[in-house]
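Okay, so here's the structure we're looking at.
The values are calculated or read from the model by the stated rules, or taken from the named source; none is laboratory data. Please read all numbers here as calculations on a predicted model, not as lab measurements. Positions of Cβ are backbone-derived with ideal geometry, glycine not excepted, and every protein chain shown enters the neighbour counts.
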Amino acid sequence: MSDTKEKLRHPEKAHRPDNPIPRKPEWIRVKAPNSEKYHETRKLMRNMHLTTVCEEAACPNIGECWTKQHATFMIMGEICTRACSFCNITTGKPNALDGMEPTRVAVAVQKMGLKHVVVTSVDRDDLDDGGSEHFVKTISEIRRLSPNTTIEILTPDFKGKRAALPPIVTARPDVFNHNLETVPRFYPTIRPGSSYFNSLSLLAEVKRLDPSIFTKSGIMVGLGETREEVMQVMDDLRAADVDFITIGQYLQPTKKHAKLEAFITPDEFKSYEKLARAKGFLMVASSPLTRSSYHADEDFEKLRAAREAKLNAAG
């Protein structure tokens, strides 16, 4: 992307210093998407006028996921009210909500025959409820058209608007995901406008309101965090009774984004996985290409099986 295009797409990043993007190691390179199924999925998204985080966040797994006809739907538009320095989604003043979007998402889920769907959104701090009602409508429409599809939502923090949470919990998604993204030390620069402890509180409140809902959160590594800081995040998430943690490599979208300090090796990711399992998470996904919704359908089945095994062992 040229500097001019980057300033138009992310005007708030124009003042940031340039951070050269290091060459990716062999273990994190992926092939350019070009399968027939990939193009079918892309065409469906265009025809249904739907947005996916796969494209907006430049996910490295898009080729694999779309070839399998898996996609993570991003609702409430393409423009985010936050300016997180790790994220490639456009920042600015969002458009009004599209009242038909929940139905279009549900129709796409039905057409794709999804067993498990992930729905996320941009931050909508401009809305009184942070977009809570729109999530509820989307869940309701998916259930109406595809009653056997399990639903995972990946929400923003709703800017501390606690009234936003109960309606979503009442709608009973199968998985409630909210990512911490990074360690507390980096919040002022990586997640400005967000609060680490507010995010933890959000996850804990979901469990308090409905213990049957699986909770999930994830972080990126490679921003300069220490191993001890990552371990503390794990402890904090377990204290909030979070079931599932994802740990993936941060990949710098452009030179105007947060600097990539290190590529974490596959062996280091395996070590984090062992640590997380020892701390009591029901499910752990830790690898260079791990993202919140990567292999979400398969991981949900493993998560459900892990809970059942735990209950059987306790009983």
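Overview of results
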item: When residues of segment 160-185 are limited to those that are in contact (Cβ under 8 Å) with a residue 60 or more places away in the chain and over 30 Å from Arg144 (Cβ atoms), the one farthest from the chain's Cα centre (by Cα); result: Thr182
item: Count - residues of segment 89-110 that are in contact with a His (Cβ under 7 Å, 6 or more places away or on another chain) and modelled with pLDDT under 95; result: 3
item: Tally of residues being farther than 25 Å from Pro173 by Cβ and modelled with pLDDT of 95 or more across segment 191-235; result: 13
item: Segment 113-134: number of residues that are hydrophobic (A, V, I, L, M, F, W, C) and either over 23 Å from Arg304 (Cα atoms) or surrounded by fewer than 16 Cβ atoms within 10 Å (Cβ to Cβ) (or both); result: 2
item: Segment 235-250, residues that are surrounded by fewer than 22 Cβ atoms within 10 Å (Cβ to Cβ) and not charged (D, E, K, R); result: Ala239, Ala240
item: Residue count for segment 124-145, restricted to those that are in a loop (DSSP other than H, G, I, E, B) and either among the aliphatic types (A, V, I, L, M) or within 18 Å of Leu114 (Cβ to Cβ) (or both); result: 1
